[in-house]
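FYI, it's all coordinate maths here, none of it is from the lab. All of these numbers come straight from a predicted model, not from anything done at the bench. We place every Cβ from the backbone using ideal geometry, glycine too, and count neighbours over all the protein chains shown.
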Amino acid sequence: MIEKRDFYIDGAWTAPQAGRDYHVIDPSTEEPCAVISLGERADTEAAVAAAKAALPGWKAVSPAERLAYVEKIYEIYNARAEEMAQAMSLEMGAPIDLARKAQTGAGSYHIKCFIDAAKTFNWVHPLGDGTPGAMIAYEAVGVVGLITPWNWPMNQVTLKVIPALLAGCTMVLKPSEEAPLSSILFAEFVHQAGVPAGVFNLVNGDGAGVGTQLSTHPDVEMISFTGSTRAGKAISKAAAETLKRVVLELGGKGANLVFADADDDAVRRGVVHMMENSGQSCNAPSRMLVERPLYEKALEIAKATAEGTRVGSPREAGDHIGPVINKSQFEKIQGLIESGIKEGATLLAGGLGRPEGLNKGYYVRPTVFADCTPDMTIMTEEIFGPVLSIMPFDTEEEALAIANDTPYGLTNYVQTQNPARANRVIREFHSGMVVANGKSRGAGAPFGGVSSSGRAREGGRWGIEEFCDVKSIGGWFE
């Protein structure tokens, strides 16, 4: 049993003042694998006080010096990448190859993108030509609270901690209590890099406790949260009294429009993307809308791809998916699969229960439903599991109407070889991100949505700007 009860406060590992034990469950065995402490108000107060005390000094450090600290974190992160992969595989069930490549790789990728963005970031620059002495300055928001989820731990920690450091903010990180081991390890990296005491602090806790305490604390100027839409609404309400900035990256119910002229790999690619990380991604393409001439062939491909998706232990090497995070999530997914069956969708692959040969652990069968209708529960609720819903469409207008008929607006997808149609659909999607034909959005591109998906813009230059206040200046002396 791993024991990690201490918090990282003011540059040192500190025993909780009022913590209580919490067992981290290995989702592949349903057994405890570690014990941490959940902090109480005294621990939150100590962390915020340390961040507040460190703020003037850290803001005064030059951007170049702050960048040097981040470059050191990047170096340490890469050198200790295997430790990070093992931590995430254990705590949230990512198969070890996925943990090494995608989960750990996401953190390294984002740190590098922030380093590149910081090198060309204009912290103070002229408003424009013809306005002598008019300047714009980007300055640190102040003390920030960072609340991160369990599904992509280092993806989200690096998307918050690194730009906050570069902007000159000091911070308190509250990672998910479901998957805290990777964040505790990341705190070791920050310490090893020599970041000054109090700049970065970590307190483990739950949303109702430490999360709410950070959201309501008068000395915390900003909350950056990634998680469910339900929790995002609660944080917004809690933070309103102190008028702090709230940046939310929330759920999604992505539509994937597959036109009849899509490339040969489009359907398979969509199914694989849906099943990645056991479907536990807010940007998953969970609604596949297929133009009718391609529909029957698409169902054959989707069925074969899902049935060929292996489910297995996180400890095993290979290209398979692991368990979902915990019992409550497993039961929620089972309930939604059952609703799909009851509401009349055609079960193409998977279904209720665990995969064959897996009698313990929160493993879900890769599931595909066909002949769905827009009003079905599986087409409207974020499932957060390896469950794909497919339906046909006849016209571009119909497909777009269905795609946009959701409170969410994170990522949508389109598959077509018609350039004019692709660009038209891209512009008509109501979402913060669009991916066409599997093409990358590019290094340093912002990640975030609209509507009930929140309106964060994390990554690259936009991610740094999230942690800055803009100061408008007149009368600047050249």
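Here are a few things to note about the model shown:
- Think of each Lys and Arg Cβ as +1 and each Asp and Glu Cβ as -1; about the Cα centre, that makes the dipole of the stretch 59-174 roughly 120 debye.
- Whole-Å semi-axes of the ellipsoid equivalent to the stretch 309-397 (Cα gyration tensor, √5λ, descending): 26, 14, 11
- Dipole of the chain, positive end: most advanced residue of M222, V144, W123 [Cβ charges, Cα centre]: W123
- Residue (of I426, T395, L55) at the positive-pole extreme of the chain, dipole from beta-carbon charges: L55
- Given charges at beta-carbon only (K, R positive; D, E negative), |dipole| of the stretch 255-442 in Debye: 680
- Each Lys or Arg adds one and each Asp or Glu takes one away; over the other residues whose Cβ falls under 14 Å from the Cβ of A422, this sums to -1.
- Averaging Cα coordinates gives a centre for the stretch 439-473 and one for the stretch 225-296; these two points are 17 Å apart.
- Charge dipole magnitude, Cβ of K and R +1, D and E -1 - the chain, Cα centre, debye nearest 20: 440
- Shown in residue order for the stretch 101-108 are the 3J(HN,Hα) couplings computed by the Karplus curve 6.51 cos²θ - 1.76 cosθ + 1.60 at θ = phi - 60°: 7, 8, 5, 5, x, 4, x, 4 Hz (x for Gly and Pro).
- Proxy reagent accessibility, fewest Cβ within 10 Å first, across S89, S472, S281: S472, S281, S89
- Tensor-based shape of the stretch 278-345 (alpha-carbon gyration tensor, a/c under 1.5 rounded, otherwise prolate or oblate): oblate
- Here the Karplus curve 6.51 cos²θ - 1.76 cosθ + 1.60, taken at θ = phi - 60°, turns the phi angles of the stretch 322-331 into couplings of x, x, 7, 5, 7, 5, 5, 5, 4, 5 Hz, with x standing for Gly and Pro.
- For the stretch 152-190 versus the stretch 307-384, the spacing of their alpha-carbon centroids is 30 Å.
- Comparing P355, W476, S28 along the charge dipole axis of the chain, the residue lying farthest to the positive side is W476, per the Cβ-charge model.
- In the chain, the calculated helix contribution to ellipticity at 222 nm averages -12000 deg cm²/dmol per residue, counting -39,500 (n - 2.57) for every DSSP H run with n ≥ 4.
- For the residue pairs K72/K237; K4/K471; K112/K327; K297/K439, the C-alpha atoms sit more than 31 angstrom apart in K72/K237; K4/K471; K112/K327.
- Each residue in L159, L400, L98 was given a count of other beta-carbon atoms within 10 angstrom of its own, and listing them fewest first yields L400, L98, L159.
- Anisotropy class of the stretch 255-442 from Cα gyration tensor, a/c 1.5 cut: prolate
- Restricting the stretch 18-78 to GluC sites (Glu not before Pro) that sit in a DSSP loop and have at most 14 other Cβ atoms within 10 Å of their own Cβ leaves E30.
- Normalised alpha carbon radius of gyration of the stretch 180-305 [divisor 2.2 N^0.38 Å]: 1.53
- Applying both filters, DSSP loop and at most 14 other Cβ atoms within 10 Å, to the trypsin sites (Lys or Arg not before Pro) of the stretch 395-461 gives K439, R441.
- Taking the number of Cβ atoms within 10 Å of each Cβ as an exposure proxy, the fewest-first ranking of E221, E241 is E241, E221.
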